[in-house]
Structures are given as structure tokens and as C-alpha cells.
Amino acid sequence: MKKALKVAAVLATAASFVLTGCSDPGSGSQNNSPAAWPAADTDLKGTKLTVWAAQNSNKVPDSVVAGFEKLTGAEINVVTIPDPYEQGVQTKVATGDKPDLAFWQPTGSQLTALNATTNLQSLEGAPWLDSTKPALKDITGILDKTRYAALISTPAVEGVYYNKEVFEKAGIKSVPADWDSFIKLGRDLKGQGVTPFYEMGGDRWATQWWVQVQLADAAKDGLWDRVNTNKEKFTDPTIQGAINTYNDLIKEGLFNEDIKTATFEDQGAALLSGKAAMAVQVNSFFSQLQAQSDTETLNKKIGFFPIAPSGNVGTFIPDQSNALVAFKTGDAKREAASRQLLSYWLGQGYGDFVTAQSTVSLQDAVKTPGTVPNALLAVSDSLGTSVGSMQAEAIANPDLYIFLADMIQGTKTPEEVAKATQDQFAELAKAQGAAGF
Amino acid sequence: MTAVMSRQDVVRVEDIRKAKRRGGKNDHPLWFLIPALAVLVVFFFIPTLFNFIYAFTNWSSFKSSIGFVGVDNFVTLFNSGTLLNALRVTLIYAVLVAVFQNLFGLILALLLERDTRVNRAVRVAFFIPVIMSALAVGYIFQALLKPEGALNGILGFITGTDVTIPWLGDTTWTIVVVALVHSWKWMGLSMLIYLAGLKTINDDVLEAARLDGASWWTTLREIRFPLLAPAVTFNVATALLGSMNGFDVVQATTEGGPGGSTELLNIFIFRTFGQGLFAQATTMSLVLFLAVAVLAFPLIKMLRKREDVL
């Protein structure tokens, strides 16, 4: 009898754990009305704010933190979340752990992944919006017509980084103006014994750029809207065609011989040394080049042009180091302080910030420092006319790059790549409760 | 019974019985178990229970609510080939690790069996990888095995040519390389257990064998190895079942690549969890749990049967 009672007690305890466990600990209030924006110099003595950053963005706020602490007396603690950053943050937020602010990829899919409507503060009516360049104001950071992310630097653009000296030696005067001439240039260079394109199949993540830049025109035409509503699939001719083209170009031998094992570092070294002529990449690739060289050499050697089937159209892909989100923590005072920090960052503190980071300014009134390399200026110039990448426009971000890397290794056919991507996309869309899935 | 016993005998037997009863109660009161049990319940039983429950929900990072969806997650999982592929890779990996780790451990134990000063030092050296962080081991090997890494450098120096073998870039053989790394890390533990096993073998038996003219090899095959059965049970079971739960070494060396050829179930789970599909990831870990359980019981039973000769 006693034993039976004990068993019953254990079961009851377990059941109560289960029942309490079935409510999501990461959920919060649903209030989305725009909040008041305190003046940037409001006194904040005794207020402590936590900012989550990744290993490659934890130094970004340095000048802002110093300036803001001095101005307001607030205490700001930048905490580095180890890589993979996005997974780490998502897991923490899912279990109820939240910072005041965090670096975050300001795209629809990534804002959805954070459950923005319940976890993030609305940044509607932010004071810096009027001073932001009109072309960049609404480029990203918005989900369901609500602004959740503050863009602090120019989003990355997928495009072609090339070695100017290799082009010169090959007698190329101007950069290709459309896809066909871009590929023809690759073939010509190969004929001259130069490796035209360099891809990093070993590190995998850049494999998706080759497919995405081919989709720029379709993206302008609403491709991702159709994919988001399940009216078009990755396996349909548009995206499948882009995957096939990429595979054919690799088979043709237009890429580096060690494409299966080449890494991010290898890619940078190959382009700098002129071992390869071009690489389709994003801004972080240029940071890699900066780590291996100095601005003067880079200005002399490395150029950038955007490419799409129809012409020089870039594909933008904001990343985690470009933007911040402010969390709903339930503490009104700290939430206001978070907004205050953002208005300082993109207001009074913005000049110091772009100088300290030597990055392109998003605001007409704040001048871009002269130390920014030419290639990065070309990247930022292409932003105005660029279109959104899969990450920016699709409601979910499937592991297309892993499947493409599998294709490079020979374990997946182009058709299997499209199918695996579509399956995963559908699964994610279904989990979000998207219509049509 | 008591009739034929003297009174003294009866008292003694009673004393022993009392002592046993008292000892059983006083030396190890049951409530001593509570702290350990509490930790086990909170950190193991309840999570395992949750594992069973969340697998049937639509828990994700995208929504605040969690609803039951029945066996939906299982259906989707089994319909996509990825899960079966990951299970296959996991099994191959586990078998490779079990074989290598035990082979290396046994060879080391036999080589270092005698208690000399040198042997003691070498045993410690081989045990150090066991206490090292698995991720650190993985990253070190990843650097060593790169096409331009140290291993190729050494091979190039010996052969006098430029060697650039991508050890971690082959869709067929990389899983063997990674299993070797895993086994290298853990072989010290197997060695230690085999050493302990060898020490328990009675010298008389070995001397008898020697007197009968048995060679070293015959002694090992006919006497020592069969008598090592308990150590084999422990080593094979922990190596096989432990590596089915493998993650760290593979994540650090290949991240599941190249071409998904080393994508263990745990790496697949990690990737799915990172996508925000918490319920699907939980379903997969339930599948892994069941796979390990299905494998563990018959295996351990079989290995225990070998011990019957003792």
C-alpha cells in the first residue's frame, strides 16, 4: 500500500512537471504599440544593460558603449555568445533568457526565428529614421509592417570580388555588364591559364551565393513571395535552373581544382595572390582580405562589381553585425534605456562609430571616413539598386549552402539539392504556421 | 534445526542475523540515496520524459504556444531520407569506434602490462587524451589533417614529394579517419580497463599454461582473452553506445561533411534545433534514444553470456 502511494506521488510530481513544462518559457507580452523615445542624454545612473554579440561583432559597439556610459551613467555589459551565434541566441531565448539588446540579422526569416512579435520591442517612430539615407531606410529590419531592427551599418551585398591585376594582365578594360559576358570572361580567362572562379566548398557557407545572384531578377519579380506562399518551389525551373547552372560551371572546370576542400582563408589568399581571378562573395570576405592585407594594397588590387542575369544588380544580405534588436524584458525602465542607447548610437554617437569602425555611413549628415577601402564603397553604392537575397526575402532560411556543398562533394545531384531545400523550407514554413504549407 | 545446535550456536546465528539486519539498515539507510536520486530525476528522468512528450508537439522558436500534433513529426522524419541516412552513418561510426578503440586499448594493455617505471609513465601519457576536451582534440586533429596540415607535411618530408591528401575531405574514408580520432581519444580508458582485467587473472592459471608449453599467443587466445570477458563487455558496450551518442569530435573535425558522409544523428539534431524546429529535434533524439536502447539490451546480454565461462 505504502509502495503504491509512493509510486502515485512520483507520478503526480512528474505529471505536474510535464503540465507546467508545456507552456513556452520564452513567451512574453503581445503589446506592439510604438513606445516613447527618451532623449539620448537622459540620466541613467544605476541602469545596467546587457548586449549580446557574436565573436565577430563583440568589438563593434566599443566606441558607442564608452560614449553612452560617459553621457548617461548607464552601465553596459557586452556579452559574447559563442558561435554558432544564431543557434545559441535562439536556444537561450527559447528557454526564457533574454538580453536588453542583441546583434541580429534583421531579415524577415531571422526576426521570425526570434519570435519578434512577442520577444522584441517595436522600433516604430525611431528618431534616427529621418536622417537615414532614403534608399536604405526600409531596406530591412521590418516584419509584418513593424520595425524590429535598427540598421547600424550597410548590409552585405553578394557580388563579384575580382583581382584588378589579373584583369589588367588579361587585357580586360571594363567589368562584365551582364551574366553572359561574366561567364564568357570566365571562359576566356581559363583559356589563358588563369583560374577564373574560386569557391570554398570545404567551408561550405559561401556556396549559396552563386545560386542567389542568378535569382536577382526573379527576386525583383516576386520570386520569394511565390516561394513563401508555396506557389513556387525550389524544385521549379527558376531555382532548379540556377542550381543546375552552378553545377554545370563547376563540371566545366571554371572553378579552382581544390573546390571540395578549399576554405574561406584559402579563397581570400587565392584572390589576393592572383591565383584566382574572381570570387562571388559578401562583405565578410572583404574583412578576411583586410586581415591579410592593408587598405592601400587592397585599393590597388581588389575590385567589386555586382552581377545578375540582366546586368549589374547586387543581391543584399544583411547579417548579424549590421543590426541590433531590442528585447521586451518586462522592465519598462530598461526597455526605455535600450531605446535610448539605440538613439544615441544612430544619433549623437554615430559619427564616432563610423570613424572607429571605418565603415560606410548610413546617414547623409555623417560623412563616411576616408579610411574605407574602395571596394567597400563600391559595395555600398550597389545597395540602392540591389534586390533582397533568400535570407532577406524568404520566410525561412533553409540550409541551401550545405546541400550545395554536398553537390560539390558529389553526394547529391542538383535535383536532390532542390528537393532537400524545398523539404526543409516547407517544414520550417509549416512550423511557423505560414499559409499554404 | 535448532534442536541439534548448541545454545551457543543459536545465539551466534541470531547475532549474525541481527547484525545483518541492523547493518543493512544502519550502514546504508535508504534516504542516503535521495541526493543522488534527486539529481538523476531532475537532470535525467524528467528531461527524458519531456523528450517523449515534446516529440508529439509542434514546439518551435517561431510561436509561443505549444500544441499536440500526434505522430506528425515521426511521419515527416521517416518520409525524408535524411533521418535514415543519419542513422546509418551513426551505426557505421559506432561500430568503427567500438572496433578501433578496443583493438588499440587491448594492444596497449598487453604492451604496458608489466609494472615497470617506464610503463607507468607511458600509461599516463596514453590516458591524457581521455581527460582532454573532446572539442579541443577535434580541433587539433582538424588542423593536423588539413591538406596543408602537419600530417601531410611529415609525409611529404619522408617521401620527398608535396603531399596534399585531404584526410577530412573524402566522402568514403573520412568517417574512418574521424572514428580513428575518436578511438585515439578514448583508447586510454579501454587500456586501463583491460589492464585491470589482466591483473585479475590468477597467476597459477598462467603458470599452469606455461608448464604445459603454451606459447604467448596460445595463452592469450585460449586463456587470457576469455578471462577478460567482463572487461570486454564493459569496453565494447561503452564504446559502441557512447559513440552512438557521439557529437563533439565529429562536429570539430568535419561538421558532418564532406557531403553529409559523417553526419551523425546528433549533428543532424543539432542542426535541426538550430533552425528553431525544437519539436522535430526532440523527435530525432527520441529516435536515437530508442535506437540505442534497442541495440543496448541484446548486445549487453550477448556479451554477458560470454562471461559465463568464468
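What does the charge count around A:THR315 come to, taking other residues whose C-beta lies under 14 Å from its C-beta (Lys +1, Arg +1, Asp -1, Glu -1)? The answer is -4.
An oblate overall shape is assigned to the range B:80-309, the ratio a/c of its alpha-carbon gyration tensor axes (a ≥ b ≥ c) being 1.5 or greater and a/b not exceeding b/c. Taking the number of Cβ atoms within 10 Å of each Cβ as an exposure proxy, the fewest-first ranking of A:LYS301, A:LYS184, A:LYS275, A:LYS173 is A:LYS173, A:LYS184, A:LYS275, A:LYS301. A Cβ-based charge dipole, computed about the Cα centre of the protein assembly as shown with Lys and Arg at +1 and Asp and Glu at -1, lands at about 2980 debye.
Take each residue in B:62-70, count the other chain C-beta atoms within 10 Å of its C-beta, and the mean is 5. For the protein assembly as shown, the antiparallel share of DSSP beta bridges with both residues in that region comes to about 65%. Let me know the whole percent of all Cα-Cα pairs from the range A:253-331 that are separated by more than 15 Å. Percent of Cα pairs beyond 15 Å in the range A:253-331: 67.
Computed from the Cα positions only, the extents of the protein assembly as shown along the three principal axes stand at 111, 68, 51 Å, in decreasing order. For A:LYS48, a cut-off of 18 angstrom between C-alpha atoms picks up these aspartates and glutamates, skipping any fewer than 8 places away in its own chain: A:ASP62, A:GLU69, A:GLU75, A:ASP97, A:ASP100, A:ASP331, A:GLU335. The mean number of partner chain beta-carbon atoms within 10 angstrom of a residue's beta-carbon across peptide B:42-52 is 2. Can you bin the range B:185-310 into rounded, prolate or oblate? Criterion: square roots of the alpha carbon gyration tensor eigenvalues sorted a ≥ b ≥ c, rounded for a/c under 1.5, prolate for a/b above b/c, oblate for the rest. Prolate, because a/c is 1.5 or more and a/b exceeds b/c.
For B:LYS185, the aspartates and glutamates whose Cα falls under 19 Å of its own Cα, not counting residues fewer than eight places away in the same chain, are B:ASP248, B:GLU255.
Computed from point charges on the beta carbon alone (+1 for Lys and Arg, -1 for Asp and Glu), the dipole magnitude for the range B:80-309 about its Cα centre is near 300 Debye.
Were the residues from B:SER80 through B:ALA208 laid out at 0.36 nm apart, the gain over their Cα-Cα distance would be 40.1 nm. Using R0 = 60 Å, the C-beta based FRET efficiency linking A:ALA66 and B:SER64 works out to 0.95.
In the protein assembly as shown, a dipole from Cβ-located charges (positive for Lys and Arg, negative for Asp and Glu) runs towards its positive end, and of A:LEU346, B:GLY246, A:ALA218 it is B:GLY246 whose Cα lies farthest in that direction.
Under a Cβ-Cβ cut-off of 13 Å, what is the net charge of the residues other than A:GLU415 that fall near it, where Lys and Arg count +1 and Asp and Glu count -1? Here the count lands on -1. Just so you know, the averaged projected area of the alpha carbon convex hull for the range A:194-308 sits at 7.7 nm². Of the residues A:TYR85, A:TYR246, the one with the fewest other Cβ atoms within 10 Å heads the list, and the complete ranking is A:TYR85, A:TYR246.
Computed from label points 7 Å out along Cα-Cβ, the spacing between B:ARG306 and A:VAL79 is 4.9 nm.
Across the range A:70-85, rounded Karplus estimates of 3J(HN,Hα) from the backbone phi angles (6.51 cos²θ - 1.76 cosθ + 1.60, θ = phi - 60°) give 5, 6, 10, x, 6, 10, 10, 10, 8, 9, 8, 9, x, 6, x, 4 Hz, Gly and Pro being marked x. Taking 8 Å as the Cα distance limit and 6 or more residues as the minimum spacing, I'd like the relative contact order of the range B:80-309 as a percentage. Rounded, it is 31 percent for the range B:80-309.
Taking amide H as placed 1.01 Å from N in the peptide plane, A:LEU120 has its amide H under 5 Å from the amide H of A:LYS328, each at least 5 places away in sequence or on another chain. Between the range A:339-358 and the range B:278-310, the alpha-carbon centres lie 56 Å apart.
Axis of helix A:264-273 versus longest Cα principal axis of chain A: the two differ by about 30°, to the nearest ten degrees. Taking the fewest neighbouring Cβ atoms within 10 Å as the starting point, the ordered list for A:PHE316, A:PHE437, B:PHE62, B:PHE225 is B:PHE225, A:PHE437, B:PHE62, A:PHE316. With a Förster radius of 25 Å applied to the C-beta separation of B:ALA296 and B:ILE107, the computed FRET efficiency comes to 0.45.
For chain A, the relative contact order comes to 26 percent (Cα pairs under 8 Å, sequence separation of at least 6).
Summarising the label geometry, the points placed 7 Å from Cα in the beta-carbon direction at A:ALA365 and A:ASP138 lie 2.2 nm from one another. Spatial offset of the range A:220-289 relative to the range A:121-178 amounts to 19 Å, using the alpha carbon center of each.
A Cβ-based charge dipole, computed about the Cα centre of chain A with Lys and Arg at +1 and Asp and Glu at -1, lands at about 900 debye. Each of B:LEU295, B:TYR139, B:LEU168 was placed along the dipole of the range B:80-309 (beta-carbon charges, centred on the mean Cα), and the one lying farthest toward the positive end is B:LEU295. Look at the Cα gyration tensor of chain A: its axes a ≥ b ≥ c give a/c of at least 1.5 with a/b at or below b/c, and that counts as oblate.
Read the figures in this text as sums done on the coordinates, not as results from a lab. Fair warning: this is a prediction, and the values are worked out from it, not measured in the lab. Note: ideal-geometry Cβ built from the backbone for every residue, glycine included; neighbour counts use all protein chains shown.
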